[in-house]
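Accompanying notes for the structure given below.
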Protein chains: 6
Amino acid sequence: MRPAGRAPDQLRPVRITRGFTIHAEGSVLIEFGNTRVLCTASVEEKVPPHRRGSGEGWVTAEYGMLPRATHTRGDREAARGKQSGRTQEIQRLIGRSLRAVFDLKKLGERTITLDCDVLQADGGTRTAAITGAFVAAQDAVNKLMASGKLGASPVLGPVAAISVGIVEGTPLLDLEYVEDVACDTDMNVVMTGAGHYVEVQGTAEGVAFTRAEMDELLRLAEKGITELVGLQQKALAA
Amino acid sequence: MRPAGRAPDQLRPVRITRGFTIHAEGSVLIEFGNTRVLCTASVEEKVPPHRRGSGEGWVTAEYGMLPRATHTRGDREAARGKQSGRTQEIQRLIGRSLRAVFDLKKLGERTITLDCDVLQADGGTRTAAITGAFVAAQDAVNKLMASGKLGASPVLGPVAAISVGIVEGTPLLDLEYVEDVACDTDMNVVMTGAGHYVEVQGTAEGVAFTRAEMDELLRLAEKGITELVGLQQKALAA
Amino acid sequence: MRPAGRAPDQLRPVRITRGFTIHAEGSVLIEFGNTRVLCTASVEEKVPPHRRGSGEGWVTAEYGMLPRATHTRGDREAARGKQSGRTQEIQRLIGRSLRAVFDLKKLGERTITLDCDVLQADGGTRTAAITGAFVAAQDAVNKLMASGKLGASPVLGPVAAISVGIVEGTPLLDLEYVEDVACDTDMNVVMTGAGHYVEVQGTAEGVAFTRAEMDELLRLAEKGITELVGLQQKALAA
Amino acid sequence: MRPAGRAPDQLRPVRITRGFTIHAEGSVLIEFGNTRVLCTASVEEKVPPHRRGSGEGWVTAEYGMLPRATHTRGDREAARGKQSGRTQEIQRLIGRSLRAVFDLKKLGERTITLDCDVLQADGGTRTAAITGAFVAAQDAVNKLMASGKLGASPVLGPVAAISVGIVEGTPLLDLEYVEDVACDTDMNVVMTGAGHYVEVQGTAEGVAFTRAEMDELLRLAEKGITELVGLQQKALAA
Amino acid sequence: MRPAGRAPDQLRPVRITRGFTIHAEGSVLIEFGNTRVLCTASVEEKVPPHRRGSGEGWVTAEYGMLPRATHTRGDREAARGKQSGRTQEIQRLIGRSLRAVFDLKKLGERTITLDCDVLQADGGTRTAAITGAFVAAQDAVNKLMASGKLGASPVLGPVAAISVGIVEGTPLLDLEYVEDVACDTDMNVVMTGAGHYVEVQGTAEGVAFTRAEMDELLRLAEKGITELVGLQQKALAA
Amino acid sequence: MRPAGRAPDQLRPVRITRGFTIHAEGSVLIEFGNTRVLCTASVEEKVPPHRRGSGEGWVTAEYGMLPRATHTRGDREAARGKQSGRTQEIQRLIGRSLRAVFDLKKLGERTITLDCDVLQADGGTRTAAITGAFVAAQDAVNKLMASGKLGASPVLGPVAAISVGIVEGTPLLDLEYVEDVACDTDMNVVMTGAGHYVEVQGTAEGVAFTRAEMDELLRLAEKGITELVGLQQKALAA
């Protein structure tokens, strides 16, 4: 049995709160059960050096975790003087995932930076971050369009993400922390609203997994992402 | 006239939410108007090298600001690879302020770390952090006592902090961002519940200030801190 | 048509040279076409802090690229003072892949470090690194067994890796640099000799990919890895 | 009794040596008893990025302590790779204090950097640094005026600083090291020649201090600074 | 007796392989016995800030050692986040040595960077690096001339380097690792093809050395370098 | 003609002031003309990890230059976050030079750290540093012997250093800054009181130098060092 009696293919309760803070062009608190990530979208009228003069924009992401977002306190990366490999891996994943649904030419020479900061962690922080960052990015784009800075939307469609894994032989959707620790295989899947893959990252933490297991994991992920895209749209329509 | 029609000696609305996150021994969201700081207290059963074997504990603090807590996005200190002088100055101030109301011998060889992370900034983040960190620290101490790890409380009494300043010749209590930018003198005052000074840091940002002005600022600060200590007690009694 | 007239499901010529340098316990130069990676395995009779006293060993990896391994000179990471996110991501992947085929209990409290340094890059450096690192690790284990330090082998079986991708709609095995730059989807697959998955990392660099495309990519990868495992065994038997 | 039989409101012997080194535009060795700080003022015909094109100049400071300026050898910050929080706090204080007596518009787009390096420490290094830096800055300004680069002086008046503190219940002026270690309250005061406050930084190191104690400390500080300003003028007139 | 029966004034077998890797403008694997260094020359059409607009070029070098080039594994400098003092000393020496035989005016505003990476170390890595780097640099210059980017060669003549030392009272040419560890005096000599000195760096590791010993060491070095210059020319003519 | 009418083989006026600061076990201000270096010797009753348990001591050095020791202000290395290659090269040279005259077994498991900080630079800072550091080290050893911590002196004899160079064809002793900038060859020589070489570091900054020129430079250096050793003894006897 899963905690709180969840079915194997059931998401945790998801909550998406727009406008969580006041300064950012997009600011979303996303909750997957006890996992809470604050995603802000910041628009700056400049691009990094490798895009200058290209006429194209840039979408990037940074990820962080408050030191006591976790069960035991972790080091503060700013104090330690560098970001961990895990942090860099995650922020690169978020950036690629968001760029996959952006037409950078239509964005024009400006940058949208998605800051995803984990206030509370209980598994699935990177997938919650991607799902919430899309909503924040959409809000920022809407502001650019409302102000006349953008005529047509550079957003090609929604993107969302979920984790799946195999715990004691059972494929499960949306792992929470105690499941994540116990799982043999952990997979993060990022998909578009059209049901196509943006990223698939599967890792055997214990024994290697078979093709049949992978197929079942992908099926679960697709189900979960379809639901998340629906929740994103509902939140944006509110 | 101040924003929102505030009187010169009036605090912004203060809100103290205990148990804001679930993992930390103490977790407080404190709001001074639009300034919102998450203060967590983490207890660890070890002390830094310079205290080992002393039989005494340690209380320390770290401070951070989410990149988009502010009007325009600031660099992420973890990505830049170092904490700014301002950040270090503030976290040293928070640590000293909290240690001022702790009997470290009674705490025993354990450390309480206060992480103060600004989710949204509108002036006064360091004073909100000190005021909220005290509540989080008290919650952590209460847990240690409830669990029998501590027999007697190491807390000597409350501590709270407020900013005061002179804007266009008028001394004001609890500066918000637009006032902070415009002020000639900026002073942060940290006091105990007994009305004694823990820290006084006054800076002339424009013209130097007179003794008469300092006296008026100290009077305002004392009024504000008395109110904050009352609000801390009310929150802890809830 | 692919460069050098390769078929879509054909590997580049693979060469595995054992004993490429003299000091390391295992030292393998692996070549996938023009990609050349030097993989050394170093045995040290100690483990990192988080394994001490556990009775278990550790297998880890570091990755680097000589500044002029590439078409244009890249920064030297040692001179710049930090490893890029890409470097960290790759070395974490190599480490996880090798640990997947090691029984760390049987290894005993010692560490095998796999240094994978790219002398010449032409696409697929991380998959060549994993494939070569396994051979170097096996050589190091053989030495430990020959010297009587290990009674039974901690190696559970072979592991190898290959890249696959979709270029202009065609799924291809073992991308070289010009294909990698042009591809829409890039996937790195790590498998055991038994045909089970250790890692699957697929990224849509242009348009998102469909389930049918993923199935074809996984089929190609399986074919390539089967061949690579055969080449590893042949090299080890030489 | 204080060391060397000093009265509670008595400064240590102060010595100000101008032209201590030959290259800098201003070079002052200042001694407060055994505390010796070399303060140099360097003029550069450029400003930091945030001032460019403003027509205004900049005044800034850096602070350092030779490793064996102290009783026991401290780490060399250059070797450790970063400045401590204490160092940054002090150099920010020196910079703000000097800017308080500069009209940056009149300075024109040039920078004066005040390097304050402690050759020997015996308490009060930051206050000696501020007091000496003013003399060095005045020398540099005089050179700019003599060379015709500046028509009118950008210096608004003198600035000096002193520490005060409470040791075993007695308020004392100008703490030396043994007193600093033993004190309950430590306050650094920076004032202009006109007797107005530029900075007040009071810290309760042991018990919190009362308003009456603060009043007495401010009275002592004012007395000391009045004397220091006189000594600065005498040195500049020599 | 020396290892492998070498005479005191005999070089180890030297091998110079041009075109060792494919991307660099010059790429040379140089071997002094078991010491193997990969030297690449990279041409970039830009110069560092201090040369911009001067019309002159720049020649510089970077040095690295693969972690397991040595008997026991050394730290990876990129992972540790900084280059050691030894590494910096060596790369500065290589850069100065190569600049000594370049007419930077004739080179024009471009940079040649010599990357010297030690694949296998057995003493004398810095002297092998200088000797190999010259060949790589010459290849790069030849390419610039063949492509018409340079009319006249900026190379003034060859440069090569060798180590000499005193082991148990006997002066020896070209120390290998076991001799280097045992030597009392270690000297690195860099000379031009014309027999003039570019660098002489002698260090007494045990007892100080006499003038007579220095004379003998210089004689040995001159003999070795004459041979190395011959081998460079032979390799370039191949 | 040299500045101040110096003869080619004449040292600048040398001044050695012992006890320049009060805390260090040895503290020497050494002046070679306008070059002024403060050399302190600090004794600590511990050794670095690689010497622990060996029964032997360690002698090491650190070097720094105050930002405005030079004609134009240089970056503060502590602020920049790393020591330059030049700084590391020099401090390694000073450390080796001093160790050459120490019997580390006789020193016992303690460390003498020589901090050489340049207060004013006018050429020859590293040779002044070595010459002054020896006097500071001797003072520290004398204190250890006077206190009974050491029975026999670990000092084998004096060590001193001087620069020589060729300016417009003329070999000169003890280059000052304007000569250093103009020289073709620059050589630093470190010798023992017995007239043996500890270090010889010659660099052709312009044209390569001949054997005859080297011989003349060595002759000049020997003359200078003999004089410096005499001045060291005189200072120590005072």
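The values are calculated or read from the model by the stated rules, or taken from the named source; none is laboratory data. All values reported here derive from a predicted model rather than from experimental measurement. Ideal geometry is used to build each Cβ from the backbone, glycine not excepted, and the neighbour counts take in all protein chains shown. Please note that ligands, DNA and RNA were not included when accessible areas were found on the heavy atoms of the full protein model with its side chains. Shrake-Rupley method; radii C 1.70, N 1.55, O 1.52, S 1.80 Å.
Inter-copy label distances at residue C:223, shortest first and taken from points set 7 Å along Cα to Cβ: 3.3, 6.3, 8.3, 8.3, 9.5 nm.
Projecting 7 Å from Cα along the Cα-to-Cβ direction, the label point of residue D:17 sits 0.4, 6.2, 6.4, 6.4, 6.6 nm from its equivalents in the other copies, listed shortest first. Other protein chain C-beta atoms within 10 Å of residue C-beta, averaged over A:18-31: 3.
Seen from residue B:186, the other residues with C-beta closer than 10 Å to its C-beta sum to a net charge of -4, counting Lys and Arg as +1 and Asp and Glu as -1. Any idea which of A:155, A:182, A:201 is furthest toward the positive side of the dipole for region A:145-217, if Lys and Arg beta-carbons carry +1 and Asp and Glu beta-carbons -1? Checking the options against the dipole of region A:145-217, the answer is A:155. Net charge near residue F:149: determine it from the other residues with C-beta under 9 Å of the C-beta of residue F:149, scoring Lys and Arg +1 and Asp and Glu -1. After counting each charged neighbour, the total is +1.
Dipole magnitude for region B:117-199: about 760 debye, using +1 per Lys or Arg Cβ and -1 per Asp or Glu Cβ, origin at the Cα centre.
The calculated pair-distance distribution of region A:95-238 uses every alpha carbon pair, bins of 10 angstrom beginning at 0, and gives 11, 39, 31, 14, 5, 0 percent.
Rolling a 1.4 angstrom probe over chain F with all protein chains present gives an accessible area of which 51% lies on carbon and sulfur atoms. A Gaussian network model of chain F, with springs between Cα atoms under 10 Å, assigns the largest mean-square fluctuation among F:32, F:20, F:134 to F:20. Helical runs (DSSP H, four residues minimum) scored at -39500 (n - 2.57) apiece and divided by the length of chain A put the mean residue ellipticity at 222 nm at -10500 deg cm²/dmol. Which one, E:13, E:171, E:67, has the greatest fluctuation when you compute a Gaussian network model over chain E with C-alpha springs under 10 angstrom? Residue with maximal mean-square fluctuation among E:13, E:171, E:67: E:13. Taking Cα centre as origin and charging only the Cβ of basic (Lys, Arg, +1) and acidic (Asp, Glu, -1) residues, the dipole magnitude of the protein assembly as shown rounds to 0 debye.
Under the convention that each Lys and Arg Cβ holds +1 and each Asp and Glu Cβ holds -1, the size of the dipole of chain F around its Cα centre is about 860 debye. Take the alpha-carbon centre of region C:123-160, take the same for region A:113-188, and report the distance between them in whole Å. Between the Cα centre of region C:123-160 and that of region A:113-188, the gap is 37 Å. When the listed pairs C:46/C:82; F:105/F:234; C:46/C:105 are checked against a 18 Å cut-off, the alpha-carbon distance exceeds it for C:46/C:82; F:105/F:234.
Any idea which of C:116, C:39, C:95 is furthest toward the positive side of the dipole for region C:24-147, if Lys and Arg beta-carbons carry +1 and Asp and Glu beta-carbons -1? With unit charges placed on the Cβ atoms, the residue in question is C:95. So how far, in whole Å, is the C-alpha centre of region A:1-60 from the one of region B:18-43? Cα centroid of region A:1-60 versus Cα centroid of region B:18-43: 22 Å apart.
Rolling a 1.4 Å probe across the protein heavy atoms gives region D:118-181 an accessible surface of 30 Å² per residue.
In terms of its C-alpha gyration tensor, the protein assembly as shown has an oblate overall shape, because the principal axis ratio a/c (a ≥ b ≥ c, square roots of the eigenvalues) is not below 1.5 and a/b does not outweigh b/c.
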